[in-house]
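A short worksheet on the structure shown next.
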Amino acid sequence: MGKLSVYDASAGSGKTYTLVYKYLCILFTPSLSTGKPQREIFKKILAITFTNKAAWEMKSRILSTLQSFSHAVDIKSHDMLPSLVEETGLSLPQIKSYASQILSDIYADYSSFTVCTIDSFTTRL
């Protein structure tokens, strides 16, 4: 872990899409020791943005995308799925299963699902 990524782009350029995709890539990347995604890795991810609206949008898109993945019928069910399958090496059935498990884990410990503003992050510190 320990990797820092910064994305700077103008409004309407697809930042939220990119951030959600990168977040999901981290969630689904298989562990070297088990070959499976680390279900509670979301507790170690900190996503920071500037506005409450942007934080809410990113959080809700992550959750809705996981929900969509857990019900995916085929690889074309969601526009991110083909790229995610290619990047992680997981199959569609594996992504469906892990998405459902990760979503359940996030809801079970929602306070550890940290997508927040700079202000709320510094207040937490």
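The values are calculated or read from the model by the stated rules, or taken from the named source; none is laboratory data. Here the structure is a predicted model, which means the values were calculated and not measured. As a convention, Cβ positions derive from the backbone with ideal geometry for all residues, glycine included, and neighbour counts pool all protein chains shown. Protein only, heavy atoms only, side chains kept; ligands, DNA and RNA dropped before computing areas. Shrake-Rupley method; radii C 1.70, N 1.55, O 1.52, S 1.80 Å.
Yes/no matrix, rows are residues, columns are (1) surrounded by fewer than 16 Cβ atoms within 10 Å (Cβ to Cβ); (2) at negative phi; (3) of a type in the set (S, T, N, Q); (4) modelled with pLDDT under 95:
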residue	(1), (2), (3), (4)
A55	no, yes, no, yes
I62	no, yes, no, no
T65	no, yes, yes, no
D74	yes, yes, no, yes
V85	no, yes, no, yes
L92	no, yes, no, yes
S112	yes, yes, yes, yes
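How about segment 1-28: which of its residues are modelled with pLDDT of 75 or more and in a loop (DSSP other than H, G, I, E, B)?
Of everything in segment 1-28, nothing turns out to be modelled with pLDDT of 75 or more and in a loop (DSSP other than H, G, I, E, B).
Scan the helices (runs of 4 or more DSSP H) fully inside segment 29-116 and keep the ones with 3 or more residues being in contact with a helix residue (DSSP H, G or I) (Cβ under 9 Å, 6 or more places away or on another chain) and within 17 Å of L19 (Cβ to Cβ).
Values: elements: 52-70, 81-88, 92-108.
Result: 52-70, 81-88.
For segment 57-99, what are the residues that are under 15 Å from the mean Cα position of the chain (by Cα) and among the aliphatic types (A, V, I, L, M)?
Result: M58, I62, L63, L66, M80, L81, L84, V85, I95, A99.
Taking T49, is it at pLDDT 80 or above, among the hydroxyl-bearing types (S, T, Y) and open to solvent by less than 40 Å² (accessible area, probe 1.4 Å)?
Yes.
If you scan segment 27-46, which residues turn out to be surrounded by fewer than 18 Cβ atoms within 10 Å (Cβ to Cβ) and of a type outside the set (G, A, S)?
T29, P30, L32, T34, K36, R39, E40, I41, K43, K44, I45, L46
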